[in-house]
Amino acid sequence: MQTRRDFIKNVTLALPAFSLAQVLLTSCNRKDKETGTDRKKIGIIGAGISGLHAALLLNSYNQYDIEILEAGDKIGGRIQSVEYAFNTCNIELGASNIYGHNSWYDIVKHTGPKVIPFNPPASYVMDSELKSSVELNSESDYTFMLQKFNSMTSFVPTADMTIAQYISLSNVPERVRFIFEQKTEGFIGTSVDRASVAANKSEGIGKILEQQYAANTDSFSKIIRQHYAPILPMVSNNVPVTEIDYSGPKIKVTDARQSSRLFDKLIITVPLSILKLKSNQPCYIKFIPELPASKYEAMEYLGMDAGVKIFLKLNAKFWHQDAKTIYTNGKYGKFDIVSENNLTNTFVLSSTYFGKFAEDLNNKSEQEIVDDIKHEWKNTISLAAANSICGQKVEFWSKNPYIQGAFSYHKVGGGMQFREELAKQVADKLFFAGEATNYAKQSGTVNGAIDTSVRVVEEVRHFL
């Protein structure tokens with residue numbers, strides 16, 4: 001039997017955006033309207049994907065007055081695109097891949113662009129030589145490393161440990177350790193010496209095993225603008241919330257300009273990094289009364305570290321013809337090939353860094369970072385590779401005051417129960433969504449954030 005959740009999902013995908021409200025009106029909705037029942041006012045903090053999707057679902061009932069308060073001047077949260085970057089292609093400053101067939105895959109595919117698989121072969125710079133995946137498959141160090149890498153998801157430690165400790169315990173050869181680390185860090189959102197192997201293996205590490213997809217025509221930002229067009233007028237930008245008072249019958253939300261709004265229910269979708277801020281830190285949100293101690297305890301077992309994404313424009317290629325990823329044994333390690341135009345000799349690479357190294361990069365300028373990469377490539381690849389860099393774009397996610405990081409992960413000792421605690425509603429008034437609150441093993445993904453919106457809308461309606 002199709003559940004209400006499945007019905008809403010299918011309708012939001014199958015119908016043109018402008019017709020959603022008309023189709024979803026039920027006889028009960030019409031009766032409410034005809035009898036003059038007061039429309040409840042629902043506030044949503046954050047216009048990232050989870051906030052937008054919650055608003056779209058709520059709006060489909062035609063029963064509520066909805067306002068989305070967004071601290072910044074853009075929508076999309078950690079989904080941000082630059083269209084026709086370097087005069088050659090779209091680049092995704094945040095989320096860039098789709099993991100498996102899910103809610104985000106369906107939205108992207110339904111909106112129009114072609115969705116293409118993205119699990120490509122790679123080029124490896126090892127021992128001062130460029131090697132292909134096929135060549136490395138005959139090397140015992142590499143095959144042993146892959147064996148330990150693939151068995152990480154089934155590893156059951158007697159006591160929790162970091163992924164770095166698992167690598168050492170597994171005796172991964174030093175000459176291929178960098179491949180293991182670079183393969184892992186992009187999926188867990190931090191460095192391997194900070195993340196729990198036990199708690200992350202079914203989430204961040206599990207993403208490694210998923211088929212990855214990308215949209216090859218439209219940017220993710222364009223897809224969001226199109227899919228969520230019906231509720232974009234409900235977004236109030238440049239409204240950073242500073243205080244949430246839920247002590248009375250209505251929830252009083254105050255912003256940085258000391259303007260206040262009253263809501264019947266409030267959905268909070270701000271990143272984990274913002275919820276964890278202390279009262280003496282910028283962008284801190286004060287709750288009256290304080291949130292339950294159990295929620296703050298849960299946050300202590302979850303991390304959200306710095307994230308820096310680098311794009312390089314090159315005028316020559318040095319990798320294998322069919323490769324889409326490059327691994328090098330250096331600080332800047334792994335790069336994905338975003339775009340290749342052999343006619344104009346224009347190539348775009350990207351790489352994302354997390355944890356301690358990203359924190360170090362925050363102290364460098366964009367030009368200093370590029371100069372550092374050129375110096376590294378000169379020593380590890382070739383002078384020609386270093387000289388081929390002719391453009392760059394760097395996104396410092398932890399410097400964005402309303403995001404302050406990449407995405408959530410489990411610290412050592414963590415577990416799914418802490419995400420579940422973070423997701424719990426408070427006093428039948430405050431409801432929490434966003435990737436960090438996903439306790440269905442989909443944290444750190446766009447589809448994971450969307451799925452929490454479906455959950456939170458059901459909770460809100462239950463308590464109205």
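If you go through the stretch 70-105 and keep only what is crowded, with 18+ Cβ neighbours inside 10 Å, in contact with a helix residue (DSSP H, G or I) (Cβ under 9 Å, 6 or more places away or on another chain), assigned to a strand (DSSP E or B) and not small (Gly, Ala, Ser), you end up with 90, 92, 98, 99.
Restricting attention to the stretch 369-417, the residues that are among the charged types (D, E, K, R) and touching a residue at least 24 places away in the same chain (Cβ under 8 Å) total 6.
Listed by position, the helices (runs of 4 or more DSSP H) enclosed by the stretch 329-432 that each have at least 2 residues that are within 30 Å of residue 247 (Cβ to Cβ) and modelled with pLDDT of 95 or more are 416-423.
Results for (1) over 25 Å from residue 72 (Cα atoms); (2) open to solvent by 10 Å² or more (accessible area, probe 1.4 Å), shown as yes or no for each residue.
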| site | (1), (2) |
| --- | --- |
| 335 | yes, no |
| 339 | yes, yes |
| 363 | no, yes |
| 367 | yes, yes |
| 371 | yes, yes |
| 375 | yes, yes |
| 385 | yes, no |
| 400 | no, yes |
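In the set 203, 243, which member is outside any helix (DSSP H, G or I) and either open to solvent by 30 Å² or more (accessible area, probe 1.4 Å) or among the β-branched types (Val, Ile, Thr) (or both)? After ruling out the rest, the residue left standing is 243.
Of note, residue 381 does not satisfy the criterion of being touching a strand residue (DSSP E or B) at 6+ places or on another chain (Cβ under 9 Å) and open to solvent by less than 20 Å² (accessible area, probe 1.4 Å). In the stretch 114-144, the qualifying residues are those that are farther than 13 Å from residue 178 by Cβ and among the charged types (D, E, K, R), and the one that is most open to solvent (accessible area, probe 1.4 Å) is 114.
Open to solvent by 10 Å² or more (accessible area, probe 1.4 Å) and within 12 Å of the chain's Cα centre (by Cα): is that true of residue 454 in this structure? No: the conditions fail for residue 454. Among the residues of the stretch 153-177, those identified as surrounded by 19 or more Cβ atoms within 10 Å (Cβ to Cβ) and assigned to a helix (DSSP H, G or I) are 163, 166, 167, 176.
Of all residues in the stretch 276-286, those being touching a residue at least 60 places away in the same chain (Cβ under 8 Å) and not in a loop (DSSP other than H, G, I, E, B) number 0.
Does residue 110 meet the test of being in a helix (DSSP H, G or I) and open to solvent by 30 Å² or more (accessible area, probe 1.4 Å)? In short, yes.
Any residue at all in the stretch 248-261 that is of a type in the set (Lys, Arg), at pLDDT 95 or above, part of a strand (DSSP E or B) and under 24 Å from residue 436 (Cβ atoms)? Looking through the stretch 248-261, none of the residues is of a type in the set (Lys, Arg), at pLDDT 95 or above, part of a strand (DSSP E or B) and under 24 Å from residue 436 (Cβ atoms).
Within the stretch 247-259, not a single residue is closer than 21 Å to residue 449 by Cα, among the acidic types (Asp, Glu) and open to solvent by less than 60 Å² (accessible area, probe 1.4 Å). Evaluated against (1) closer than 23 Å to residue 400 by Cβ; (2) of a type in the set (A, V, I, L, M); (3) open to solvent by less than 20 Å² (accessible area, probe 1.4 Å), residue 270 falls short on exactly one condition, (3).
The values are calculated or read from the model by the stated rules, or taken from the named source; none is laboratory data. Computed from a predicted model, the values in this text were never measured in an experiment. Positions of Cβ are generated from backbone atoms using ideal geometry, with glycine treated the same way; all protein chains shown enter the neighbour counts. Protein only, heavy atoms only, side chains kept; ligands, DNA and RNA dropped before computing areas. Shrake-Rupley method; radii C 1.70, N 1.55, O 1.52, S 1.80 Å.
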